[in-house]
Amino acid sequence: MLCGVININKERGYTSHDVVALIRRMLKTRVGHTGTLDPDAEGVLSICIGRATKLSKYLTAEDKSYTAEVLTGFTTDTGDMSGNIIKEYPAVKLTQEKIRKAAESFLYENCGIYEQIPPMYSAIKIGGKKLYDLARKGVEVERFPRPVKILSIRVRDFDGVSRFFIDVDCSKGTYIRSLCMDIGKKLGCGATMGALTRTRSGIFDIKSAVKLDEVKKAGKNGNVADLILPPDKVLQLPYAEILDANLSAALNGNRIPIDEVFFFHRDKKLFWLIFETRLLGIFEIKGNFFVPDVMM
């Protein structure tokens, strides 16, 4: 059974669900993604296959990197170019330095945690309803700030008038649309996000990502397994090994006495538990035992 992660370079026009559904139909197994990308966005979308879907809670927690186009002088109801213009601003004289200072004011090293208000057009649920479903009905609700970190930000390719790009490294849950709008607010001229590319998600980089056409071709040729990274290469934890006497207990999700597990670093807490070459799951040290967290 296939198990692991495919690093997809999602193209514009596809929703994250479209990609999941396509690969699920192709492989006829459980499939999930580790972080939504808007239909107009492109870039890294890591797709978990089979039992590796259990790893999503770890992979979604990873930092991300993006490249975004920022257009100043107006705002839209979605925060990007898919929406309707809701406000236009008088011309403001911008400089590369002014933009840089505004963007860098959101850096973790400068402001600490960035309390970001998510856009109405997002998949966050409030009262059991997704914000974008409410927004499409013309309903706007109060959104509470979410703590995120902007780890690095670089402004480049300013056209001298109203358009520039930002390269951002950030924590999970960061909305780049909201960051663009907040930079525009700081500049006093409003801003809307144009094109967006996710260039990295955890260990997954856009340079090694494959397009959906490549996945389809591999599916026709029976070579999809060549595109799948195994779970222990995706989540790079140390290994701990058990002997035959504990195999049955481990397979049944029972805790294993710490003195009966071999070849592990005692200064670590989370491990891939293995038997010979077999990957059993992720186990955590709690007291004097290895306790299962995710079984593979």
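The values are calculated or read from the model by the stated rules, or taken from the named source; none is laboratory data. Values in this document were obtained by computation on a predicted structure and should not be read as measured data. Don't worry about glycine lacking a Cβ; one is built from the backbone with ideal geometry, like all the others, and counts go over all protein chains shown.
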- State which residue is nearest to residue 6 (Cα to Cα) when the search covers only region 244-269 and only residues that are of a type in the set (D, E, K, R) and in a helix (DSSP H, G or I). 244
- Query: Under the condition of being under 16 Å from the mean Cα position of the chain (by Cα) and assigned to a helix (DSSP H, G or I), which residue from region 53-102 is surrounded by the fewest Cβ atoms within 10 Å (Cβ to Cβ)?
  - Reply: 57
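Listed here are the residues, each with its yes/no results for (1) β-branched (Val, Ile, Thr); (2) modelled with pLDDT under 95.
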position: 28; (1), (2): no, yes
position: 37; (1), (2): no, yes
position: 43; (1), (2): no, no
position: 61; (1), (2): no, yes
position: 70; (1), (2): yes, no
position: 91; (1), (2): no, yes
position: 100; (1), (2): no, no
position: 103; (1), (2): no, no
position: 118; (1), (2): no, yes
- Query: Which one is surrounded by the fewest Cβ atoms within 10 Å (Cβ to Cβ), of the residues in region 220-266 that are of a type in the set (Asp, Glu) and within 30 Å of residue 209 (Cα to Cα)?
  - Reply: 226
- Task: Output the qualifying pairs, or none if there are none: Cβ atoms under 7 angstrom, residues six or more apart or on different chains, first residue in region 255-274 and at positive phi, second residue part of a strand (DSSP E or B) and not β-branched (Val, Ile, Thr).
- Result: 263/239; 263/240; 263/241
- So which of 43, 13, 35 ends up being in a strand (DSSP E or B) and outside the structural domain of residue 172 (by TED's automatic domain parsing)? 43
- Cβ-Cβ below 9 Å, separation at least six or inter-chain, first residue in region 230-243 and in a helix (DSSP H, G or I), second among the polar types (S, T, N, Q): which pairs? 234/46
- Query: Counting only residues that are under 27 Å from the mean Cα position of the chain (by Cα), of a type in the set (Val, Ile, Thr) and either outside any strand (DSSP E or B) or exposed (fewer than 13 other Cβ atoms within 10 Å of the Cβ) (or both), how many does region 270-296 have?
  - Reply: 0
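For every residue, the table says whether it meets (1) buried (at least 18 other Cβ atoms within 10 Å of the Cβ); (2) among the basic types (Lys, Arg); (3) not assigned by TED's automatic domain parsing to the domain that holds residue 288.
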| residue | (1), (2), (3) |
| --- | --- |
| 159 | no, no, yes |
| 176 | yes, no, yes |
| 210 | no, no, yes |
| 268 | no, yes, no |
- Task: Sort out which residues of region 149-170 are closer than 20 Å to residue 75 by Cβ and without any contact (Cβ under 8 Å) to a residue 40 or more places away in the chain, and write them in order of number.
- Result: 159
- Task: Output the residue which, of all residues in region 156-191 that are under 22 Å from the mean Cα position of the chain (by Cα) and in a strand (DSSP E or B), is farthest from residue 109 (Cα to Cα).
- Result: 165
- Note on the structure: How many residues of region 7-40 are of a type outside the set (D, E, K, R), free of Cβ contacts under 8 Å to residues at least 24 places away in the same chain and within 20 Å of residue 230 (Cβ to Cβ)? The answer is 2
- Scan region 18-28 and give yes if some residue there is in contact with a Phe, Trp or Tyr (Cβ under 9 Å, 6 or more places away or on another chain) and crowded, with 19+ Cβ neighbours inside 10 Å, otherwise no. no
